[in-house]
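The values are calculated or read from the model by the stated rules, or taken from the named source; none is laboratory data. Source: prediction; values computed, not measured. Cβ sites come from the backbone with ideal geometry, for glycine too, and all protein chains shown count toward neighbours.
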Amino acid sequence: MDGISKQIIAIASQMPSARLAQSVQIYVLHQAMDMQQASVQTLLQPTAIGNQPLATSGSLGTRFNALA
């Protein structure tokens, strides 16, 4: 066997372990993204309360109602 054939065989024998490692990395990435999604939803939940009525008395909130 020449050097190129040995390299091809070596690479081919490493492919199954590389596929497994890649699958594990993708799984971990999905888990991290799911956790981030849950965190963002938790942070944004209080802002989804809808339109609030204007205040009827006092110096603040009687003319303009804005949500950040």
**OP:** Under 6 Å between Cβ atoms, at least 6 apart or on separate chains: pull out the pairs that start in the range 1-30 with a residue that is touching a residue at least 12 places away in the same chain (Cβ under 8 Å) and end on any residue that is among the charged types (D, E, K, R) and surrounded by 10 or more Cβ atoms within 10 Å (Cβ to Cβ).
**Re:** none
Subject >> Where residue 13 falls short, out of the listed (1) at pLDDT below 85; (2) surrounded by 10 or more Cβ atoms within 10 Å (Cβ to Cβ); (3) not charged (D, E, K, R) >> reply: (2)
Original post:
Just to be sure, is residue 26 modelled with pLDDT under 80 and part of a helix (DSSP H, G or I)?
Top reply: no
